[in-house]
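Below: one structure, written as C-alpha cells.
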Amino acid sequence: MTSRPLVCMPTYNEMENIESIIPAVLAAAPVDILIIDDNSPDGTGERVAQMAESEPRLHLLAREGKGGLGPAYLAGFQWGLERDYDALIEMDADFSHRPRYLPDMLATLEDADVAVGSRWVPGGGVENWGLSRRLISRGGSLYARTLLGVKVRDLTAGFVGWRADVLRQLDLSSVAAKGYVFQIEMKYRALRGGYRVQEFPIVFPDRVAGESKMSSGIVVEAMLSVWGLRSKVRS
C-alpha cells in the first residue's frame, strides 16, 4: 500500500536541524520528503533548495510567511495528493520524532487508515521533559479524548501517517485550525468518518537544537477550541 510515502515536514527557523534531519529520514525508510518552509528568516528554505539540487527525493514548498502548523500541513497534503503519493506522514524537523520510527509508521499503515506515533500507549514515553510539560501534554490528551468521547490516547500527537485515500475523502477545505488543535481535529475527523486509527509506541525526546514553537498559550487555546469540535465536525 505504502509504495510512495511522502514525509511532510513544516519548518520555521530550523537551520540548526535541517542538514541533519533530512539525510537521517532518507536513510531510515524509502520515503520522499517535502519541506514546507514558512519563509524562515534564518535561511532554512534556501538551504533546503540547495540540498534538493542533488537529492531527487527531497522537495521544497516555499510559503510566503508564517501561517501556522495546520495550514502548512494542509498545503503539504495538497502537494502530495496532486503528485499521487499514497501515504503522507506528518513529522517534525527537530528530531523529536525520531527517523528510526518511520518503518513502524509504514508497517502500521499497512493495516490502518491513520497511524499515530503515540507517547501514551505501552512502550511509549518521553525523554528529558519536566514534570509540568508531562502533565500538560498527557493531561491535554486525556482532556480532549474525554470531551470528544474517543479512545485514541495521544490525540495531540504530531507524528501521524495518513493513507492518501483518507485525506481525499475528508473535507480538508473546512479544517480551519492553525495551531496545536489541528492534530486533535484531524484525528477526530478521521474517527468520526469511521476510519481505522491505530497507535504504535514511540519515545519522544526534547528537541535536539533550536527553539520550541510551543507555548502554554498555544496549549490553552487548543484546549478551549476542543469544545467546538463536536458541533463542527460531522460524521
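For the stretch 15-78 versus the stretch 110-185, the inter-centroid distance based on Cα atoms is 22 Å. Kindly count the pairs of lysines across the chain whose alpha carbons are less than 20 Å apart, treating pairs on different chains or eight or more residues apart as eligible. Lysine pairs satisfying the spacing and distance rule in the chain number 8.
Of the listed residues K187, K66, the order by accessible area with a 1.4 Å probe, largest first, is K66, K187. Per-peptide packing, taken as the mean over residues of other Cβ atoms within 10 Å, places 144-154, 82-92 in the sequence 82-92, 144-154 from highest down. Taking a ≥ b ≥ c as the square roots of the eigenvalues of the Cα gyration tensor, an a/c ratio of 1.5 or more together with a/b no larger than b/c marks the stretch 67-128 as oblate.
Residues whose amide H lies under 5 Å from that of C8, counting only those 5 or more places away or on a different chain, are L34, I89, E90, M91; hydrogens are built 1.01 Å from N in the peptide plane. The residues of the chain expose, per residue, 44 Å² of accessible area to a 1.4 Å probe. Considering all different alpha carbon pairs of the chain, the Kirkwood hydrodynamic radius works out to 17.8 Å. Based on C-alpha pairs under 8 angstrom that are at least 6 apart in sequence, the chain has a relative contact order of 24 percent.
Taking a ≥ b ≥ c as the square roots of the eigenvalues of the Cα gyration tensor, the stretch 122-190 is classed as prolate, since a/c reaches at least 1.5 and a/b is larger than b/c. Within the full protein context, the accessible area of W79 is estimated at about 40 Å² for a probe radius of 1.4 Å. In the chain, helical runs assigned H by DSSP with n ≥ 4 each contribute -39500 (n - 2.57); averaged across all residues and rounded to the nearest 500, the mean residue ellipticity at 222 nm is -12000 deg cm²/dmol.
The values are calculated or read from the model by the stated rules, or taken from the named source; none is laboratory data. Nothing here was measured: the structure is a model prediction, and the numbers come from that model. Glycine also receives a Cβ, built like all others from the backbone with ideal geometry; neighbour counts cover every protein chain displayed. These area figures cover heavy atoms from the full protein model, side chains too; ligands, DNA and RNA do not enter into them. Shrake-Rupley method; radii C 1.70, N 1.55, O 1.52, S 1.80 Å.
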